[in-house]
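Undergrad: This is the structure I have questions about; it appears just below.
The values are calculated or read from the model by the stated rules, or taken from the named source; none is laboratory data. This structure is a prediction, so every number in the text was calculated from the model and none was measured. Positions of Cβ are backbone-derived with ideal geometry, glycine not excepted, and every protein chain shown enters the neighbour counts.
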Amino acid sequence: MNKYKRHLLLTGFVLLFTINNTMAQNPFILNQYTADPTARVFGNRLYVYPSHDILSSKEKGRIGWFCMEDYHVFSSENLTDWTDHGVIVSQNKVKWVDSTSYSMWAPDCIFRNGKYYFYFPTKPNNPRYGKDFAIGVAVSDRPYGPFITQPEPIDKVHGIDPNVFIDKDGQAYLYWSSMKFFMAKLKENMLELASEVQEPVGFPETGLKEGPFLFERNGIYYMTYPHVKNKTERLEYAISNSPTGPFKYAGVIMDESPTGCWTNHQSVVNFKNQWYLFYHHNDMSPKFDKNRSIRVDSLFFNNDGTIRKVIPTLRGVGLTNATNKIQIDRYSLISEKGASISFLDSLNNFGGWKTVFNTKNAWIQYNSVDFGKNKLKKVNVQAFSKTGGTIQIRLDNINGPLIAKIEIPKGKEWNIVSTTLFKYYPGIHNIVVQLQDDNNVEIDWLSFN
């Protein structure tokens with residue numbers, strides 16, 4: 001992973017900019033916990049504005065609960081290589097925010113009149129702003145900052161999960177939640193309400209619902225939201241012919257987490273003629289679902305405009321360059337037995353995962369690898385085996401062309417093992433890695449050159 005850093009001196013403190021080249025996979029941010037992703041397209045790049053989970057402690061937040069003190073923004077032009085632009089807003093730098101609350105929850109960002117408006121909910125330090133959450137705005141000339149926060153939160157808005165939508169006639173709307181959904185028109189300055197607060201209708205009366213996110217496609221207005229139908233949140237949507245409703249329930253976008261992650265939070269965006277669903281899961285914190293990680297998968301519509309249910313994947317979206325380190329643990333398909341995934345280091349989940357093979361013919365498939373047009377000659381595998389073993393690599397599927405066979409030596413440490421390819425195939429292919437014997441082999445990554 002290549003990294004470089006630069007510093008920007010701003011209003012008396014330093015923001016750290018880090019650019020990470022990562023694979024196209026889920027989760028797609030691996031160096032920190034992230035949640036509640038709002039994805040926006042500005043120019044030829046896609047920007048994601050998530051909340052930032054951190055571990056709570058006696059000094060920070062409430063033990064066993066959500067703990068968030070700032071916001072980062074990430075961007076990509078291909079949904080494969082992501083840039084972390086650093087902290088854009090921090091609770092310690094906003095005068096009206098209670099800096100002991102650690103409650104900077106799901107945000108949003110929108111572009112208008114040459115400015116970028118970043119909306120964020122958190123707890124205020126003065127009761128005149130409300131007893132619970134207020135929603136503030138920070139403004140910038142660029143989508144990644146620097147952002148300048150407004151001296152006070154938006155008047156008459158009390159709740160969480162702000163979402164801003166600008167209709168085709170130019171009218172901007174603000175949506176938010178507080179047990180129910182609320183909405184109001186925004187003035188041209190995007191900082192004040194232009195109407196009375198209203199409650200749109202057409203949503204479930206029972207069960208927690210939050211996180212409203214509205215988008216429009218072919219004249220249909222889609223309100224998406226998480227809803228606790230049973231025990232945990234699933235993603236649902238309702239439709240209308242107007243951004244103000246009334247809305248009608250239309251279906252489920254994503255089912256409840258199979259591992260019991262209590263929350264989910266979504267945004268939907270069209271980027272380079274493909275629709276995507278951004279959401280979160282607790283991949284890097286499987287035993288504590290208040291530390292989450294953001295994901296993305298493709299989203300499709302039926303001919304009648306309804307949304308096809310999205311099945312979460314580890315593979316995610318985008319192409320992976322064959323010359324990069326291919327993390328096969330973010331697989332597309334896996335054999336029913338003999339192959340499993342676990343953390344490389346159980347004490348450091350940010351270190352990523354490994355694939356463990358322990359049964360003859362066990363396999364794993366990773367889709368959409370770009371082998372390019374220039375001939376590649378070798379494959380390199382970072383592997384570990386106490387017994388030694390043999391793996392083979394095929395293209396496209398389990399019965400596809402065999403391009404390499406690799407002997408993994410017996411040892412006590414991780415090693416990079418290289419071998420020559422039998423044949424080079426240009427273009428985009430799936431890759432399949434399969435164990436050829438009954439030994440135990442662990443693989444971190446593989447790459448081609």
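Undergrad: Quick test for you: out of ILE160, ILE166, ILE148, pick the one residue that is out of contact with any Gly (no Cβ under 8 Å at 6 or more places or on another chain), of a type outside the set (Gly, Ala, Ser) and free of Cβ contacts under 8 Å to residues at least 40 places away in the same chain.
TA: Details: ILE160 fails: free of Cβ contacts under 8 Å to residues at least 40 places away in the same chain; ILE166 fails: free of Cβ contacts under 8 Å to residues at least 40 places away in the same chain.
Sole residue among the options that is out of contact with any Gly (no Cβ under 8 Å at 6 or more places or on another chain), of a type outside the set (Gly, Ala, Ser) and free of Cβ contacts under 8 Å to residues at least 40 places away in the same chain: ILE148.
Undergrad: Any residue in the stretch 376-389 that is in contact (Cβ under 8 Å) with a residue 60 or more places away in the chain and assigned by TED's automatic domain parsing to the domain that holds PRO409 sitting within a Cβ distance under 7 Å of a residue that is crowded, with 17+ Cβ neighbours inside 10 Å and polar (S, T, N, Q)? List the pairs, counting only those 6 or more apart or interchain.
TA: ASN380/SER447
Undergrad: May I ask you to list the residues in the stretch 57-79 that are part of a loop (DSSP other than H, G, I, E, B), modelled with pLDDT of 95 or more and either out of contact with any Gly (no Cβ under 7 Å at 6 or more places or on another chain) or among the β-branched types (Val, Ile, Thr) (or both)?
TA: Of everything in the stretch 57-79, those that are part of a loop (DSSP other than H, G, I, E, B), modelled with pLDDT of 95 or more and either out of contact with any Gly (no Cβ under 7 Å at 6 or more places or on another chain) or among the β-branched types (Val, Ile, Thr) (or both) turn out to be TRP65, PHE66, GLU69, GLU77.
Undergrad: Somewhere in the stretch 382-397, is a residue among the hydroxyl-bearing types (Ser, Thr, Tyr), crowded, with 18+ Cβ neighbours inside 10 Å, touching a strand residue (DSSP E or B) at 6+ places or on another chain (Cβ under 9 Å) and assigned to a strand (DSSP E or B)?
TA: Checked against the condition, which is being among the hydroxyl-bearing types (Ser, Thr, Tyr), crowded, with 18+ Cβ neighbours inside 10 Å, touching a strand residue (DSSP E or B) at 6+ places or on another chain (Cβ under 9 Å) and assigned to a strand (DSSP E or B), the stretch 382-397 yields no hits at all.
Undergrad: What tally of residues in the stretch 91-123 results from selecting those that are of a type in the set (A, V, I, L, M, F, W, C), in contact (Cβ under 8 Å) with a residue 60 or more places away in the chain and within 20 Å of ALA35 (Cα to Cα)?
TA: Matching residues across the stretch 91-123 total 5.
Undergrad: Looking only at the stretch 200-223, decide whether some residue is exposed (fewer than 14 other Cβ atoms within 10 Å of the Cβ), touching an Asp or Glu at 6+ places or on another chain (Cβ under 9 Å) and more than 22 Å from TRP105 (Cβ to Cβ).
TA: The answer is no; no qualifying residue exists.
Undergrad: Of the residues in the stretch 165-216, how many are among the hydrophobic types (A, V, I, L, M, F, W, C), under 22 Å from ALA250 (Cβ atoms) and assigned to a strand (DSSP E or B)?
TA: 8
Undergrad: Could you figure out which of (1) in contact (Cβ under 8 Å) with a residue 40 or more places away in the chain; (2) out of contact with any Pro (no Cβ under 7 Å at 6 or more places or on another chain); (3) buried (at least 20 other Cβ atoms within 10 Å of the Cβ) isn't true of MET183?
TA: Here MET183 clears every test but (2).
Undergrad: So, in the stretch 250-294, how many residues would count as being part of a strand (DSSP E or B) and either small (Gly, Ala, Ser) or outside the structural domain of PHE203 (by TED's automatic domain parsing) (or both)?
TA: Total meeting the criteria: 4.
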